[in-house]
Every structure is written in C-alpha cells, then in structure tokens.
2 protein chains.
Amino acid sequence: MSIPDWVTALLPAKLEGPSLLSAERSNSSVDPAALAKLLHGEDQLALRARVEAILRQEGFDAQLAALPSQSRVEKMESSLRRGKHLKALRKQHNWDDASYTAAIGASGEMNVYGLHDKAFIKCLTDQTTDEQKKLFLEPAKADKIIGCYAQTELSHGSNVRGLETTATWDEKTGDFIIHSPQLTSAKWWIGTLGRTANYALVMAQLIVKGKNLGPHTFVVPVRSLETHEPLEGVYVGDIGPKFGYNSMDNGFVLFNHVRIPYVNMLARFQYVDPKTGEYKRRGSPAFVYGGMTYLRVGIAADAATTLARACAIAIRYAAIRKQFADEDKPKDGETAVLNYSLVQQRLLPLIATSYALYFACQELKDLYANYDKLLSAGKTQQAEALLAELHVQSCALKSHGTTISVEGIETCRRACGGHGYAQYSGIGHLYADMLPSVTYEGDNYMLTKQVSRSILKAAKLGVPLFQEAKNAKGGISNDDLVAAFARRVAFLTTQQQQLAKDGWSKNALLVPGWRLSTAYAQYVIVSAFARALPKLAAQLPAPTAQALGDLFRLHALVTLDGSASEFADAGALPAQLGSGIQRQKAIADALARVRPNAVNLVDGWAFSDLVLNSSLGREDGRVYEDIFRRAATNPVNELVFDPRPESKVIVKRREGAAKL
Amino acid sequence: MSIPDWVTALLPAKLEGPSLLSAERSNSSVDPAALAKLLHGEDQLALRARVEAILRQEGFDAQLAALPSQSRVEKMESSLRRGKHLKALRKQHNWDDASYTAAIGASGEMNVYGLHDKAFIKCLTDQTTDEQKKLFLEPAKADKIIGCYAQTELSHGSNVRGLETTATWDEKTGDFIIHSPQLTSAKWWIGTLGRTANYALVMAQLIVKGKNLGPHTFVVPVRSLETHEPLEGVYVGDIGPKFGYNSMDNGFVLFNHVRIPYVNMLARFQYVDPKTGEYKRRGSPAFVYGGMTYLRVGIAADAATTLARACAIAIRYAAIRKQFADEDKPKDGETAVLNYSLVQQRLLPLIATSYALYFACQELKDLYANYDKLLSAGKTQQAEALLAELHVQSCALKSHGTTISVEGIETCRRACGGHGYAQYSGIGHLYADMLPSVTYEGDNYMLTKQVSRSILKAAKLGVPLFQEAKNAKGGISNDDLVAAFARRVAFLTTQQQQLAKDGWSKNALLVPGWRLSTAYAQYVIVSAFARALPKLAAQLPAPTAQALGDLFRLHALVTLDGSASEFADAGALPAQLGSGIQRQKAIADALARVRPNAVNLVDGWAFSDLVLNSSLGREDGRVYEDIFRRAATNPVNELVFDPRPESKVIVKRREGAAKL
C-alpha cells in the first residue's frame, strides 16, 4: 500500500508524546539509573546492552513485530529459525550462559529449544550418574541430541502419583519397557516435544516384578537422529494452537512397549539392582526438592518483572494520552489520563506490587543461598529446617505472586483503552504468555492447600512463622501495617484449627485454607518489603529510597483494603483505617505521593524498546507515529478484497505492504 | 502424520466421560428443556436447530476448528469467504433477520460484513431522511454498497466532543469537505473498514462559516465500487493484529479535503439550510439515545450468554475430570474435580451470575419496551422520565455486567487446568473476543461516572431509585438480602453527597463514584433476579424453579461477601452474616444445594456443540478423544523439523496431517 505525499506530510507529526514524557521525568526526584542498578546490577545491565545491540543489528526487532500476524505453522518455522540463529550467535560471540539467557529473553516468544535449554539439561545435570552424564548430558549440552521433559499426561497434571505411563523392568535383559496403557496415558503439553525433540525424559511408573514403585524418570529416544521421523512404537506430535505461547511446540507422545537400555533410568538417587531387581536408594534427593523451591521463586520473580513490564507500557502511555479536561480545571484543556484518580488507583498500586514482589523474591533467594551453603557444608539438619520454610514461602509466593501479576497485567492492558487490545500495545501477548504460570509448577489453587497445611503444622510445633503478630497499635507506621498482616494470618490460622475441631471435612477446609494461604502470601510480601526499606535507604539516593517507601505504604494499604473485612474479623484493622472512606482517603494520599514519580519508577526497571516491543510504551513517547507505522505496514494491507457478495473472487494481492 | 494401528486401537477409548455426564444429568431434578424454553422460547430454539443443521451440512464446524491456527491474512480471507457463504445461504434458504443473526452467531468469529450488517444499516435506518434512505439505505440493504461506522479516532475514543476530523460546509457549492487535520485525526478501530467497506459513516466536526457545530455524521465513499481501490484523498487500511477478533478488519482512514455532496450529511434530526447556511433541528433525537440504551442492554445480555457458554464448558469438564482422591473418602479413588469445594466456590457462583445477569437484562428490555410504547403513543414526557431510569440502569448493567462476565470467563478457563489454555478448550478465544466489550460503547470505568451522577441527581430530586432501602431484619430471607444491597447503595449515595460537601474535588470523587456505581449495578441485578423468582415459579416445574432460587441465594451471598466491609460500613450486614466464617458457611450451604444441579443448569442454556466448539464442553462427554483428534490433525504436524543447530534446513513438509 503506497503512502500518498499528503499522508507523509503528517509524519513526523508534531505530537506531544516526547515533551510530556520529558516533563514527567524531570518533575520527579526519583533516579531511574540508581533503581536499575539496584534491581539488576551494573554487570547485568552492561551485558544486556551488549546482547541487545547485537540482536537489533541482526534484525530481531522486525521479526518480533511480524510474530502476531503469523499462522501457527509460520510461527513454528520462525521459532526454529530464531532458535538456530540464537545458538549461532552464542557461538559467534562466545556468549556465556547469562548472555545467552538474556538474548532469549529479549528475542520475544520462547523458541522451540526452550525446554531443551532449560528443563532437559537441568534435569540431566541433577539426577544422573557420572556414566549417564557422559551418555546424555554431554551430547545434550553440545546440542547433539535435543530433549524435553515429559511428565504431564492427557488426564493427569497435578497428581503425579496418578500418572499412567509405565516403565517395566525386564528381568531377563535388564531393559525397561515404556508403555502407554490407554489414550489418557499420552504425555501431553510437553514443551519442545511436538516437533523438535529427539529425546524425552519420561516420568513413568516403575514396575519391578509386578510391583509399582512409583514415578521415576527415563531417557527415551523418540525421533531418529538422522531422519527426525518418529521411532518405532512412538506416536508423537504437536498438541495444536494455544491461547498464547504459540512459538513453542507443546507436544504429546504415546509409547507402544518401547524398549530402552538399563542405563536410561536416571539413577543418581535410586536404581534397580541389575542382578536382583532390588530397588535401592542412594544419596539424599533433598536438594532436588530445594531445586523445585528455587524454580518456584524464579517463577514469582518473573511474575514481578512481567508485571513491571506491563506497568512501564501502561504508565508511559497514560502519561501522554490526553482525554477530556479535568472538571476541576476545565480551562486547562484535555489532561493526561494518568491525572485521573480512577486511572491512578488502578495503575499506581501495580507499580507498587511489582516492586513488592521483587523484594520478597530477593529475600527468598537469599534464604535459598543460605540453605545451599548449609547443604554444601554438610549441615543437613539445619538445611532441612530451612527447606521447610523455603517450601511454604515459595509455594505461597508462586501461587499468589503469579495470580496478582496476571491480573495486574490485564488491568494495565485495559487501562490503555482501545489501543490496549491491539497487538502493538505489547501487553496482550505478555498476558497470554504469562497465563500458564498460574497453572504449571503447581496450580495456584492446589498450592494453597500445601501452604495452609504447612502453616498449621508449624503452628502446632510452635514455630514462629510471623514474629510481628501483635495488636496493631493506634498509629499506622510501617511496622503497624506489617503487624496487621501478621495478626490476620494468626487469626485465620487459629480459625482453621477451630474449624477442623468443629468437624469440617478436609474438602470443606480447602476454602478457608485458600484464604489463609493468600493472607500468608500477602504477609510474606508486605513484611519482606518492609524489611528491605532500611537497606534501600543505604543503597539509594534519599528521594529514590523515599519513593520506594511510598510504594510500600501504597501496596500495604491497597492490599489491606482488598480484604478489609478479614482484617476486621481478626481485630487487625488499625483504628484510623476502620471504615472504607478512611482507607480510601489514606490510599488517595499515598497515590498522590506516588503519582509524580510514576514514570521514573517504571523507567527504573530499564526495559529496552526491543524488549517492550510496544507502540504505547516507547521510551521516547512517539506512540501515535509508531502505531500508525505498524498498522500501515501490516500484511493484511497487501490484500485487495472483492466484497460483492455475489462475486466468486475473494482477494487479490498487492506487491508488499507499505514501508514507512 | 499417519496413525499406527496400535494408536487406533486405543480409540474409541473406554473412557468415563459419557457415563459421568449421564449420571450428573439423571441425579438432578432440574429440567434443562424447560429452562431452554424459558431462556430462548420454543420458536427461537427451533429456528436455531434449523440454521445450525444447515451450517453443519455446509462444513462450518471444520472451518471453525481451523481458525485458531490461521495467520491474520488467512483469517481475513476465510472471513470474507465465510461472510459471502452466509449471505448466499440467507438467499438460498430465505432466512429472515433472526435466522441470519443466528447463523452468524453459530459460525464462529464475526466475519468482515459484521459492522455493515449491524452498525451501518442501523445508523442509516435511524438517522436518514426519506431521500437518503433511497440513496444509501436501500443499496446498503441489498449489499450493493458495503459500509461501516467511523467514529473513534487514533487519539480520541470516549471523548466524542474531542474528535478532530472536520466536515466543512462549502458555501459556494453546498458540498461538505471531509478532512483529517493531523495524524491523530485518523479514524481508528473501525470494524469492516480495513479491507471491506466502500462507504463509511464518518463522525466529524461540522464547520459552517467558521463555526464549529459539533460532531455530525456524513456518508463518505472510501473505495471504488469497481476496483475496490481507495478513492482520491483517502488513505485507508487495516490496523493490524489484535488480542482477539482477528477475523474482523478493524481499520483506519485519513481524509485529505475529500468533497462529498450536500445530501451526504445525515439529516433526519438536523441539517444546514442549503441557502442560508443556518443550522436547524427537526424532530426529537430522543429515541436515538434510547437506541444507545438498548444497545448497552444488548451488550450486557451478550455478556450473560457468553459467561453461560464458558460455564457450560467448565462445568461439564469439571464433572468428568478426575484428579486425586477426596481425602475424606480416600478409598473411593480419584474424584471429579467438581466435587472439590475450591472448584465449586469458583464455578458454581458463575452459573448463578449468568442467570442473574440474564434476568436483570430481561427486566430492562421490558422497561425499554414500555418506553418504546409510550414514545410511539406520543407520550413524550412519560417516555423521557423512563429514559432517565433506562439510561442509568443500562450504563450500570453494561459496565458491571461485562466486567464480571470477562472475569468469570477467565475463571472458567483456569478452572479447566492446563487444557483450559489450549484453543480446543473453546474458552480462550471466547475471552479474547469478549474483552473489547469492557472498553467499547462506553469504557466501563468511564460509565461509572455517569451512573453515580445520575444516582446523585435522582437522590436530590427524591426519586426512589431503590425502594427496598430499609434496615435488614434479623432473618435473611431473599427480601432481606435485597434490602441489604439497597441499603448499601443508599449509604454510599449519602456518603458521596457528604464527600462533595467536604470539598473533595470532582476528580477525587470519581473513585467513590465508581464504588457507588458498582454497588448500584449489583443491587439492580440482585433485585431484578429476586423479582423474577415468583414469576419463574409459575413458568417452571417446581424443582427447576427451586434451583433458580438456590442460584439467587448463592449469587447474593457471594456478591455480598465480596464487598462485606462496605455492607458493614453501611450497617447493612445481616447479623447472621456478620463474620467471614458465617458467610463462608452460608455460601458453603448454598453451594451444596446447587452442586447436584450444576450440569443441568448449564445444559439449560442449550448451547450446541457447533456453537461451543470445545473438546472440554462436549455434550456427550467424549473429551479426551476429541482433544486427541484435534491435536493429531493440527497443521503443525505436517512439518518435519531439522533441529540440528548447524543445519541450514529448517523444515520439510509432509502430505497433509493425520485424519481421524
């Protein structure tokens, strides 16, 4: 579609975006560079800049822009191409793991090697013997074999013990036979399996001499290393289009009595005696559970970053999008929507949530590092005590953190009005791609059962899970706010114990347990954020540290207001926050303090335009020019329709879309 | 991908889906056929059955299944093809409007004629003179010209008065000149404009002799009727991919001093005197506003139906998806997830919400019919009094109804676990396509401003908006529940008045105004549902009517619990529901009453498998077989990857995917 001169004359438009964003930036005393250094560290920022410069040079930004218009088949092809490109760049630039990871993160939708690079290699690293490392891990690291991790089945996800795939030990040969007894035994949702992998780590019920020894992991070849066609007895494919994540080949596989060698059962922690068939354990698998904990914290940390990314887009756009005049100042003309109380109360608390979740994850990562140190030092007992706390906190953070993150992302999208719905907003796919995190690695509702039970167990043992549990005083200092959250958890814990005594069934107890878990997660986040503040005061310029203090207060007040009746039941509602209108006033005050720093606070996360991939969130504020450019060049504009209903012609094609 | 015999042997699997659904159906005393008759009427049910049989015969089900894998370009082509096919069928089968509408509804994503069939023709019908009807409406109805309705601009949506496009009356010729003064004046988001329309109804600022007379509507040709190329001075195209709704060509257009004849200004209610240039009004545009009211009620009613559709899928799947054993009955083996309290408390209230919203919309439709009758009878004053009530209720219902609908749909999707994320769930696209409704026809947040102000105005005039406003008595009958909702609205109204007196700015008042509007919408829904119950008792078999009564109670209790602190502030919390645990017990009791009827209550909406287009929601319960069939036949399985990073080959293609 060629562009007439009179349209070109409207570009570059004399639009206010850049000047409005500049004004926001200079009117705030928050230092985004100091925040970026705090959040990422100087080394990581430099590494990212290097990697992203290369990606831009290699044309990854254009590839990213093309993705939303592609068919599933086109996405798969470009995903494999992108994956190969990244691996070639890794070689060419001698990227270390951190650089490669940064490159993947900045290259848009996860490519088809994603689960090979992550899950397959990680699992082989953790659970193999030395012999198995040579056989499987080394070729995997060299990309000689491409693998995936196959646990979930068509009709079993969360319930691992209910898996149906079997691995039967053959007494005569010592081999294992992998089999899918029925349709629902099909491995399902397995990333990288659909089209890419030639190996799968298959979780299957180990059967020895007729006895089921529970789920174990086996290395199973699925496709020929030469032709890449499925091997005999293996029916494998892609499960089809999804709500998001469509550059990944989530796959299925069915096995028909597939024989694999003895050495293919991962044997670092347990094995079948090749002579007697006796099942034996060795070493402590504790740190595998520790690893799961770490994985959950990582998911929660991602949830924080992704929410921050959506905030960066929505806040910047709200700062330059003018709509209506403020009725209190009708003569000032149209005002930026970020000046409206209704927009502020939706968006500003999300900035606070992203920081709060970040600091909570940081604290948990430190706790994990301590645990790791104890374990390495052989202090098993102390390590295991820490592990219990890590477990409950990581389950709570993953469950609650991903839930509030995806809800927040969607709130950001809607706050962008109509344009939020377009792919050029850069938020829609963020939401769609983030959504699985509420389901995988422990469904968020299922996890609350584990959290509430751990809390009850700890309460029974007298473990002080929340040390601040005391009466909220008259004032409402930060400490008092934290105390209110602690008191609520204590109240719900006691209530839960009482309900069990009153004869509530375990099933019925799941609902109050879910409330307890949510309250606990909110407490974990609020208290971690409060503990971080004094340290931040030492690391940051005073106005920047103060702005984070304002975010803490906003986060705590909004969270408290969302469950006010629970706080009231617990007698944990500070007197000054007793009524809805008192809380609204306190929140309005907190919003007013955060408002001037909104843009700089999201700038602090230091997302590049390449990563944001958003017209609305552009760092320079040239929103409308970018929207227009993306629209005009979209491939649908290559079509000429014949809309006459009686005509058999559907479309003709033009030569290439417009270039702007 | 050919299917080995051993896989075929697993099909048809001996799966429990059908028997589990049958058991659910026979264990309930609710009569789905009676519900379907109540909700849709026998004629409409018969009409749908006829139309859908034709669509199935014509292969629409296969087309529907193909959609999620298509590129944007493929979607546009198939959308135009589908649109033509439907128009041909309309002719062939002599479909009336109701049949054609039903066919469009059952044919999946809205096709490219959507805004021509709806907005273009409706607007021409309402706002043209007889001369204009001949010129534009008649050819539009005969599909000789294809049109769209172009209001929103790149930087102005809600604020119609802020639109930038101008229509300047040329004193010499009497023509109008349509112009886009800058880039942000581009019409944007206009459905059917991107590739399809050759005419646009353009909303533009009418300028006569240098004076701006505000936004008016003009018929502007945009593409040649012969070549379908853009006309001189018109730059028009598709805005690109969106989060959903990708079979529609939402478009943009810029005008460069485009001259149109005098007759092209829609002139039923106002016109420019062709000789003097004087601006004149004629007739009453009141019923145009009435029409907007009706449109909003329609959106809310769609929100109810779409939520019901998601419920049908999620409930049926939850009734056959087994996961873990109930810990209270460990020996019974795995149990259907619908038996878990945590699943029930998420899903069952949504069944209640869909019915509640339906009955509220019905009541408002009746109110509209009364208004229409008064207007036709020339009783203008009475009609206008009703219009005020219609306005506030329709704004409230649209705003709150679409919000709870999209949230409910997403809750349904997540409750389906991993499979909810796959397109074969049939929920993801439902959500994505429903989402714009929270933004268009009045952004849901913006509308709350109008609602709260109307309430305040009515309160000032002493209009009894909520007659049940009285102290909730000790008991908690249905009436008492409604009274609690009314009392809360009264309290928030008084509070809002007080805040204004206390000097809160208009901007600051938007937040409590939003709370007031939400409370009012919930009151409208709860009270309408309560009023419907006695009538339902006369129309339905007793157990079915009773089941709807149970839904009322569940809906009221859950809604009340969600804002318990507001009810408490208002002194409207019935004593028996004073604490969180009391409310949880009451809700648990209500859930237990609804649980046995869950499947039959969603069956009552009578969605066909064609419309649901969902593996999880199949009426016969053959969920896993259908998932497997869709996965195996998805087009990605035609690709053979070469995953070796060093190989330049990306993919080879196989002949066609598997057919099952």
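The values are calculated or read from the model by the stated rules, or taken from the named source; none is laboratory data. Because the structure is a prediction, the values reported are computed rather than measured. Using ideal geometry, Cβ is built from the backbone for each residue, glycine included, and neighbour counts are taken over all protein chains shown.
Look at A:L231 and say whether it is surrounded by fewer than 21 Cβ atoms within 10 Å (Cβ to Cβ) and among the aliphatic types (A, V, I, L, M). Yes, satisfied. From the list A:G562, A:G503, which one is at positive phi and assigned by the TED database to the domain that holds A:I351? After applying the criteria, what remains is A:G503. Against the condition surrounded by fewer than 22 Cβ atoms within 10 Å (Cβ to Cβ), within 26 Å of the chain's Cα centre (by Cα), at pLDDT 95 or above and more than 9 Å from every other protein chain (Cβ to nearest Cβ), how does A:S608 come out, does it pass? Answer is yes for this residue. Taking the criterion of being more than 9 Å from every other protein chain (Cβ to nearest Cβ) and among the aromatic types (F, W, Y), the only residue of region A:221-257 that qualifies is A:F255.
Taken residue by residue, region A:455-467 has no member that is farther than 26 Å from A:L350 by Cβ and touching a Cys at 6+ places or on another chain (Cβ under 8 Å). Examine region A:50-70 for a residue that is over 22 Å from A:D626 (Cβ atoms), modelled with pLDDT of 95 or more, surrounded by 19 or more Cβ atoms within 10 Å (Cβ to Cβ) and not aliphatic (A, V, I, L, M), and state whether such a residue exists. Looking through region A:50-70, none of the residues is over 22 Å from A:D626 (Cβ atoms), modelled with pLDDT of 95 or more, surrounded by 19 or more Cβ atoms within 10 Å (Cβ to Cβ) and not aliphatic (A, V, I, L, M). Based on what the data block shows, is A:E52 part of a helix (DSSP H, G or I) and within 29 Å of A:S247 (Cα to Cα)? When the stated conditions are applied, A:E52 passes them.
Go through A:G162, A:G105 for me and flag whichever is touching a Lys or Arg at 6+ places or on another chain (Cβ under 9 Å) and not assigned by the TED database to the domain that holds A:G244. Just a single option satisfies the conditions, and that option is A:G105.
Taking the criterion of being small (G, A, S), surrounded by fewer than 23 Cβ atoms within 10 Å (Cβ to Cβ) and not in a helix (DSSP H, G or I), would at least one residue in region A:613-636 satisfy it? Looking for residues that are small (G, A, S), surrounded by fewer than 23 Cβ atoms within 10 Å (Cβ to Cβ) and not in a helix (DSSP H, G or I), one finds none in region A:613-636, hence no. Filtered by the rule that a residue be within 9 Å of chain A (Cβ to nearest Cβ), free of Cβ contacts under 8 Å to residues at least 24 places away in the same chain and assigned to a helix (DSSP H, G or I), region B:544-602 gives B:A564, B:S565, B:A568, B:G580, B:I581, B:Q584.
Criterion applied to A:L375, A:L386 was being free of Cβ contacts under 8 Å to residues at least 24 places away in the same chain, touching a Phe, Trp or Tyr at 6+ places or on another chain (Cβ under 9 Å) and assigned to a helix (DSSP H, G or I), and the one residue passing it is A:L386. Scanning region B:210-226 for residues that are within 13 Å of B:T166 (Cα to Cα) and surrounded by fewer than 20 Cβ atoms within 10 Å (Cβ to Cβ) gives B:G210, B:K211, B:N212, B:L213, B:G214, B:P215.
Is it true that B:D328 is outside any strand (DSSP E or B), out of contact with any Pro (no Cβ under 7 Å at 6 or more places or on another chain), over 30 Å from B:N111 (Cα atoms) and within 14 Å of chain A (Cβ to nearest Cβ)? Yes: the conditions hold for B:D328. Looking across region A:194-220, the residues that are of a type in the set (A, V, I, L, M, F, W, C) and either away from every other protein chain (no Cβ under 11 Å) or without any contact (Cβ under 8 Å) to a residue 60 or more places away in the chain (or both) come down to A:A200, A:L201, A:V202, A:M203, A:A204, A:L206, A:I207, A:V208, A:L213, A:F218, A:V219, A:V220. Just one of the listed residues (B:S29, B:S71) is free of Cβ contacts under 8 Å to residues at least 24 places away in the same chain, farther than 30 Å from B:Q92 by Cα and among the polar types (S, T, N, Q), namely B:S71. Yes or no: A:N600 within 20 Å of A:L45 (Cβ to Cβ) and in the same structural domain as A:L557 (by the TED database)? Yes. Taking the criterion of being under 21 Å from A:T152 (Cα atoms), assigned to a helix (DSSP H, G or I) and polar (S, T, N, Q), the residues of region A:390-444 that qualify are A:S399, A:T402, A:S437, A:N444.
The residues of region A:620-660 that are over 23 Å from B:S79 (Cα atoms) and either at pLDDT 90 or above or not aliphatic (A, V, I, L, M) (or both), listed by number, are A:D620, A:G621, A:R622, A:V623, A:Y624, A:E625, A:D626, A:I627, A:F628, A:R629, A:K659. Quick check: anything in region A:412-419 surrounded by fewer than 23 Cβ atoms within 10 Å (Cβ to Cβ), closer than 30 Å to A:N246 by Cβ and small (G, A, S)? Yes, there is a match, as at least one residue in region A:412-419 is surrounded by fewer than 23 Cβ atoms within 10 Å (Cβ to Cβ), closer than 30 Å to A:N246 by Cβ and small (G, A, S).
Among the residues of region B:82-131, those identified as charged (D, E, K, R) and part of a loop (DSSP other than H, G, I, E, B) are B:D96, B:E109.
Away from every other protein chain (no Cβ under 14 Å), free of Cβ contacts under 8 Å to residues at least 40 places away in the same chain, farther than 16 Å from B:D479 by Cα and in a helix (DSSP H, G or I): does that describe B:A508? No, not satisfied. With a requirement of 2 or more residues that are more than 31 Å from the chain's Cα centre (by Cα) and not hydrophobic (A, V, I, L, M, F, W, C), the strands (runs of 3 or more DSSP E) lying completely within region B:173-268 that satisfy it span B:211-221. Within region B:260-311, work out how many residues are of a type in the set (D, E, K, R), surrounded by 15 or more Cβ atoms within 10 Å (Cβ to Cβ) and assigned by the TED database to the domain that holds B:A150. Total satisfying the criteria: 1. Tell me yes or no: at least one residue of region A:152-162 is more than 8 Å from chain B (Cβ to nearest Cβ) and modelled with pLDDT under 95. So far as region A:152-162 goes, yes, one or more of its residues are more than 8 Å from chain B (Cβ to nearest Cβ) and modelled with pLDDT under 95.
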